[in-house]
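Asks: Pasting in a structure now, in C-alpha coordinates, and then I'll have a few things to ask.
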Amino acid sequence: MTSRQGPAGGPASVAVIIPAHNEARLLPASLDAVRTAAGHPGVAGSRVLVVVAADSCTDGTAEAARRAGALTVTVDARSAGAARAAAARAALDVLGHDDVWIASTDADSLVPAHWLDFQLSRAARGWDAVVGTVVLGRPAPGSRQLAVLHQHLYEASRPPGALTWRHPHVHGANLGLTGRSYTEAGGFPPLHVGEDHALVRSLQRAGRRILRTPDCAVTTSDRLHPRARGGFGDYLARLAAGEPA
(Lines give C-alpha, C1' and ligand atoms only; values in the text may rest on other atoms or scores of the structure.)
Protein backbone atom coordinates (compact mmCIF):
# COMPACT_ATOMS: atom_id res chain seq x y z
CA MET A 1 0.00 0.00 0.00
CA THR A 2 1.95 3.00 -1.19
CA SER A 3 1.19 6.41 -2.60
CA ARG A 4 3.24 9.45 -3.51
CA GLN A 5 4.93 12.29 -1.68
CA GLY A 6 3.93 14.01 1.62
CA PRO A 7 0.80 16.13 2.07
CA ALA A 8 1.30 19.79 2.90
CA GLY A 9 3.04 20.03 6.24
CA GLY A 10 2.67 16.33 7.00
CA PRO A 11 5.11 13.40 7.00
CA ALA A 12 6.17 12.03 3.63
CA SER A 13 5.85 8.43 4.83
CA VAL A 14 3.55 6.49 7.13
CA ALA A 15 4.26 3.14 8.77
CA VAL A 16 1.21 1.25 10.03
CA ILE A 17 2.39 -1.43 12.45
CA ILE A 18 0.33 -4.38 13.69
CA PRO A 19 1.47 -7.14 16.07
CA ALA A 20 -0.42 -10.40 15.68
CA HIS A 21 -0.49 -13.74 17.49
CA ASN A 22 -2.74 -16.36 15.87
CA GLU A 23 -5.00 -13.74 14.32
CA ALA A 24 -5.68 -15.35 10.93
CA ARG A 25 -9.43 -14.94 11.44
CA LEU A 26 -9.55 -11.27 12.43
CA LEU A 27 -6.46 -9.85 10.72
CA PRO A 28 -7.93 -9.61 7.19
CA ALA A 29 -10.69 -7.27 8.36
CA SER A 30 -8.17 -5.17 10.25
CA LEU A 31 -6.00 -4.86 7.14
CA ASP A 32 -9.03 -4.01 5.00
CA ALA A 33 -9.80 -1.13 7.36
CA VAL A 34 -6.19 0.06 7.20
CA ARG A 35 -6.29 -0.11 3.40
CA THR A 36 -9.39 2.09 3.41
CA ALA A 37 -7.70 4.58 5.74
CA ALA A 38 -4.61 4.62 3.51
CA GLY A 39 -6.84 5.48 0.55
CA HIS A 40 -8.32 8.58 2.21
CA PRO A 41 -7.82 11.71 0.07
CA GLY A 42 -6.01 13.40 2.93
CA VAL A 43 -3.32 10.71 2.85
CA ALA A 44 -2.87 10.79 -0.91
CA GLY A 45 0.51 12.55 -0.69
CA SER A 46 2.12 10.08 1.71
CA ARG A 47 3.73 6.73 1.11
CA VAL A 48 2.01 4.17 3.35
CA LEU A 49 3.74 0.95 4.40
CA VAL A 50 1.85 -1.64 6.44
CA VAL A 51 3.91 -4.05 8.54
CA VAL A 52 2.53 -7.06 10.40
CA ALA A 53 4.69 -8.79 13.01
CA ALA A 54 3.45 -12.40 13.25
CA ASP A 55 4.49 -13.46 16.73
CA SER A 56 4.73 -17.15 17.63
CA CYS A 57 1.87 -17.98 15.26
CA THR A 58 0.67 -21.52 14.62
CA ASP A 59 -2.12 -20.55 12.21
CA GLY A 60 -2.20 -18.67 8.91
CA THR A 61 -1.57 -15.18 10.30
CA ALA A 62 1.59 -14.53 8.28
CA GLU A 63 0.00 -15.86 5.10
CA ALA A 64 -3.07 -13.66 5.60
CA ALA A 65 -0.82 -10.61 6.06
CA ARG A 66 1.16 -11.37 2.90
CA ARG A 67 -2.00 -11.94 0.86
CA ALA A 68 -3.19 -8.49 1.90
CA GLY A 69 0.05 -6.93 0.68
CA ALA A 70 1.57 -6.17 4.09
CA LEU A 71 5.28 -6.44 4.76
CA THR A 72 5.41 -9.40 7.14
CA VAL A 73 8.03 -10.16 9.75
CA THR A 74 7.99 -13.20 12.01
CA VAL A 75 9.13 -13.19 15.62
CA ASP A 76 9.07 -15.82 18.34
CA ALA A 77 8.71 -13.70 21.45
CA ARG A 78 5.06 -14.12 22.57
CA SER A 79 5.30 -10.48 23.54
CA ALA A 80 3.19 -7.58 22.31
CA GLY A 81 6.04 -5.17 22.98
CA ALA A 82 8.66 -7.20 21.12
CA ALA A 83 6.30 -7.77 18.18
CA ARG A 84 5.28 -4.12 17.94
CA ALA A 85 8.95 -3.09 18.14
CA ALA A 86 9.89 -5.60 15.43
CA ALA A 87 7.22 -4.18 13.13
CA ALA A 88 8.39 -0.62 13.79
CA ARG A 89 12.02 -1.59 13.20
CA ALA A 90 11.19 -3.24 9.87
CA ALA A 91 9.20 -0.19 8.78
CA LEU A 92 11.95 2.27 9.69
CA ASP A 93 14.52 0.12 7.88
CA VAL A 94 12.48 0.69 4.72
CA LEU A 95 11.29 4.26 5.22
CA GLY A 96 14.08 5.77 7.30
CA HIS A 97 13.70 7.61 10.60
CA ASP A 98 13.10 11.14 9.30
CA ASP A 99 9.83 12.54 8.01
CA VAL A 100 7.94 9.36 8.89
CA TRP A 101 4.86 8.82 11.04
CA ILE A 102 4.32 5.54 12.89
CA ALA A 103 0.67 4.56 13.37
CA SER A 104 0.03 1.56 15.60
CA THR A 105 -3.07 -0.60 15.73
CA ASP A 106 -4.03 -4.20 16.55
CA ALA A 107 -5.06 -7.26 14.58
CA ASP A 108 -8.44 -7.45 16.34
CA SER A 109 -9.25 -3.79 15.74
CA LEU A 110 -10.85 -1.74 12.96
CA VAL A 111 -9.55 1.76 12.32
CA PRO A 112 -12.00 4.34 10.94
CA ALA A 113 -11.64 5.53 7.35
CA HIS A 114 -10.22 8.90 8.43
CA TRP A 115 -7.76 7.45 10.98
CA LEU A 116 -4.54 8.19 9.11
CA ASP A 117 -5.82 11.51 7.80
CA PHE A 118 -6.67 12.51 11.38
CA GLN A 119 -3.23 11.59 12.70
CA LEU A 120 -1.31 13.18 9.84
CA SER A 121 -3.27 16.42 10.14
CA ARG A 122 -2.28 16.58 13.81
CA ALA A 123 1.34 15.87 12.90
CA ALA A 124 1.18 18.80 10.48
CA ARG A 125 0.06 20.99 13.39
CA GLY A 126 3.17 20.08 15.34
CA TRP A 127 2.00 17.25 17.59
CA ASP A 128 4.69 14.62 18.22
CA ALA A 129 2.20 11.93 19.20
CA VAL A 130 -1.52 11.22 19.06
CA VAL A 131 -2.94 8.99 21.81
CA GLY A 132 -6.44 7.87 20.89
CA THR A 133 -9.28 5.92 22.43
CA VAL A 134 -11.10 2.72 21.56
CA VAL A 135 -14.73 1.66 21.44
CA LEU A 136 -16.04 -1.87 21.67
CA GLY A 137 -17.46 -3.51 18.58
CA ARG A 138 -21.18 -4.21 18.42
CA PRO A 139 -21.77 -6.33 21.53
CA ALA A 140 -23.47 -9.69 21.39
CA PRO A 141 -26.88 -9.74 23.13
CA GLY A 142 -25.36 -11.23 26.28
CA SER A 143 -22.55 -8.66 26.36
CA ARG A 144 -24.54 -5.45 26.31
CA GLN A 145 -24.47 -4.99 30.07
CA LEU A 146 -20.68 -5.40 30.00
CA ALA A 147 -20.41 -2.80 27.25
CA VAL A 148 -22.47 -0.31 29.26
CA LEU A 149 -20.38 -0.87 32.40
CA HIS A 150 -17.14 -0.52 30.45
CA GLN A 151 -18.30 2.72 28.84
CA HIS A 152 -19.28 4.15 32.23
CA LEU A 153 -15.87 3.39 33.73
CA TYR A 154 -13.93 4.31 30.61
CA GLU A 155 -15.43 7.78 30.39
CA ALA A 156 -15.51 8.49 34.13
CA SER A 157 -12.98 11.32 33.72
CA ARG A 158 -14.81 12.97 30.80
CA PRO A 159 -15.81 16.54 31.77
CA PRO A 160 -19.43 17.62 31.42
CA GLY A 161 -20.85 19.36 28.42
CA ALA A 162 -18.63 20.20 25.47
CA LEU A 163 -15.43 20.59 27.47
CA THR A 164 -12.37 18.96 25.92
CA TRP A 165 -11.59 15.49 27.29
CA ARG A 166 -7.86 14.85 27.57
CA HIS A 167 -8.43 11.22 28.39
CA PRO A 168 -6.03 9.12 30.54
CA HIS A 169 -6.01 6.00 28.33
CA VAL A 170 -3.27 4.50 26.18
CA HIS A 171 -3.92 1.84 23.54
CA GLY A 172 -1.50 0.29 21.11
CA ALA A 173 -4.58 -0.11 18.92
CA ASN A 174 -4.81 3.68 18.45
CA LEU A 175 -1.46 5.37 18.78
CA GLY A 176 0.64 7.47 16.43
CA LEU A 177 3.92 9.36 16.66
CA THR A 178 6.80 10.69 14.65
CA GLY A 179 9.62 8.35 13.80
CA ARG A 180 12.12 10.67 15.46
CA SER A 181 10.11 10.80 18.70
CA TYR A 182 9.78 7.02 18.63
CA THR A 183 13.50 6.45 18.14
CA GLU A 184 14.64 9.00 20.71
CA ALA A 185 12.21 7.55 23.29
CA GLY A 186 13.77 4.10 22.83
CA GLY A 187 10.84 2.55 20.98
CA PHE A 188 8.46 -0.05 22.34
CA PRO A 189 10.09 -2.02 25.17
CA PRO A 190 9.90 -5.84 24.88
CA LEU A 191 7.13 -6.20 27.47
CA HIS A 192 4.44 -8.85 27.28
CA VAL A 193 1.87 -6.14 27.96
CA GLY A 194 1.98 -2.40 28.70
CA GLU A 195 4.54 -1.50 26.05
CA ASP A 196 2.25 1.26 24.78
CA HIS A 197 2.01 2.86 28.23
CA ALA A 198 5.78 2.61 28.69
CA LEU A 199 6.44 4.34 25.38
CA VAL A 200 4.03 7.19 26.15
CA ARG A 201 5.67 7.67 29.55
CA SER A 202 9.04 7.95 27.79
CA LEU A 203 7.58 10.55 25.45
CA GLN A 204 6.24 12.51 28.41
CA ARG A 205 9.63 12.46 30.14
CA ALA A 206 11.21 13.76 26.95
CA GLY A 207 8.78 16.68 26.87
CA ARG A 208 7.13 15.69 23.59
CA ARG A 209 3.86 17.30 22.50
CA ILE A 210 1.25 14.59 23.06
CA LEU A 211 -2.35 14.97 21.99
CA ARG A 212 -4.78 12.84 23.99
CA THR A 213 -8.05 12.85 22.09
CA PRO A 214 -11.24 10.78 21.80
CA ASP A 215 -12.08 12.30 18.42
CA CYS A 216 -10.96 9.38 16.23
CA ALA A 217 -11.70 6.19 18.16
CA VAL A 218 -10.72 2.73 16.91
CA THR A 219 -13.19 -0.16 17.21
CA THR A 220 -11.69 -3.08 19.09
CA SER A 221 -12.76 -6.59 19.99
CA ASP A 222 -14.79 -7.32 23.12
CA ARG A 223 -13.51 -10.90 23.36
CA LEU A 224 -12.92 -12.15 26.90
CA HIS A 225 -10.15 -14.60 25.97
CA PRO A 226 -7.47 -12.21 24.72
CA ARG A 227 -4.16 -13.01 23.07
CA ALA A 228 -2.15 -10.79 25.46
CA ARG A 229 -2.59 -11.70 29.11
CA GLY A 230 -2.94 -8.68 31.41
CA GLY A 231 -4.11 -6.34 28.67
CA PHE A 232 -7.41 -4.79 27.62
CA GLY A 233 -9.14 -8.14 27.08
CA ASP A 234 -8.26 -9.27 30.59
CA TYR A 235 -9.69 -6.02 31.92
CA LEU A 236 -12.96 -6.81 30.13
CA ALA A 237 -12.90 -10.37 31.48
CA ARG A 238 -12.55 -9.04 35.03
CA LEU A 239 -15.50 -6.71 34.49
CA ALA A 240 -17.59 -9.59 33.15
CA ALA A 241 -16.68 -11.66 36.23
CA GLY A 242 -17.67 -8.84 38.58
CA GLU A 243 -14.10 -8.28 39.75
CA PRO A 244 -12.57 -4.86 40.37
CA ALA A 245 -11.34 -3.34 37.10
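Asks: Taking a label point 7 Å from the Cα of residue 44 along the Cα→Cβ vector, which residues of the stretch 90-121 have an amide N closer than 12 Å to it?
Replies: none
Asks: GNM on the chain, C-alpha springs below 10 Å: top fluctuator among 35, 205, 47?
Replies: Per the Cα network of the chain with a 10 Å cutoff, 205 tops the list.
Asks: For a quick check, take a GNM of the chain with Cα springs below 10 Å and name the residue from 207, 179, 81 with the largest mean-square fluctuation.
Replies: Answer for the Gaussian network model of the chain: 207.
Asks: Next question. Add +1 for every Lys or Arg and -1 for every Asp or Glu among the other residues with Cβ under 15 Å from the Cβ of residue 207, and state the total.
Replies: Working: positive: 180, 201, 205, 208, 209; negative: 128, 184.
The answer is +3.
Asks: Sticking with this one: Would you please name the GluC sites (Glu not before Pro) within the stretch 137-203 that are DSSP coil residues with at most 16 other C-beta atoms within 10 Å of their C-beta? Spell out each step's value before the answer.
Replies: Numbers: sites: 155, 184, 195; in loops: 155.
Answer in residue order: 155.
Asks: Hey, what's the chain come to in accessible area per residue, 1.4 Å probe, Å²?
Replies: On the way: 11010 Å² over 245 residues.
Value for the chain: 45 Å² per residue.
Asks: Let me ask something additional. On the accessible surface of the chain, probed at 1.4 Å, how many percent belong to carbon and sulfur atoms?
Replies: Working: 5740 of 11010 Å².
Here it works out to 52 percent.
Asks: Count neighbours as other Cβ atoms within 10 Å of each site's Cβ, and list the trypsin sites (Lys or Arg not before Pro) in the stretch 62-142 that are DSSP loop with at most 11 such neighbours. Walk me through the intermediate numbers first.
Replies: Working: sites: 66, 67, 78, 84, 89, 122, 125; in loops: 78, 125.
When the trypsin sites (Lys or Arg not before Pro) of the stretch 62-142 are filtered for loop state and at most 11 Cβ neighbours within 10 Å, 125 remain.
Asks: Return the calculated 222 nm mean residue ellipticity for the chain, to the nearest 500 deg cm²/dmol, obtained by summing -39500 (n - 2.57) across DSSP H runs with n ≥ 4 and dividing by the residue count.
Replies: -10000 deg cm²/dmol
Asks: Measuring from the lowest to the highest alpha carbon on each principal axis, how far does the stretch 96-244 reach, largest first, in angstroms?
Replies: 47, 38, 28
Asks: What FRET efficiency, computed as 1/(1 + (r/R0)^6) with R0 = 22 Å and r the Cβ-Cβ distance, is obtained for residue 74 and residue 29, rounded to the nearest 0.05? Don't skip to the answer; put the middle values down first.
Replies: On the way: r = 21 Å, r/R0 = 0.96.
Between residue 74 and residue 29 the formula returns 0.55.
Asks: Under a 5 Å amide H to amide H cut-off, with H placed in plane at 1.01 Å, what residues pair with residue 135 once short-range neighbours are removed?
Replies: Counting only residues 5 or more places away or on other chains, the set is 218, 219, 220.
Asks: Local charge sum around residue 165 (other residues, Cβ-Cβ under 14 Å, Lys/Arg +1, Asp/Glu -1)? Numbers along the way, then the final one.
Replies: Working: positive: 158, 166, 212; negative: 155, 215.
Local net charge: +1.
The values are calculated or read from the model by the stated rules, or taken from the named source; none is laboratory data. Everything quoted here is computed from the prediction, not taken from an experiment. With ideal geometry, Cβ positions are generated from the backbone for all residues, glycine too; neighbour counts draw on all protein chains shown. The protein model used for the area step is the full one, side chains on, heavy atoms only, and it has no ligands, DNA or RNA in it. Shrake-Rupley method; radii C 1.70, N 1.55, O 1.52, S 1.80 Å.
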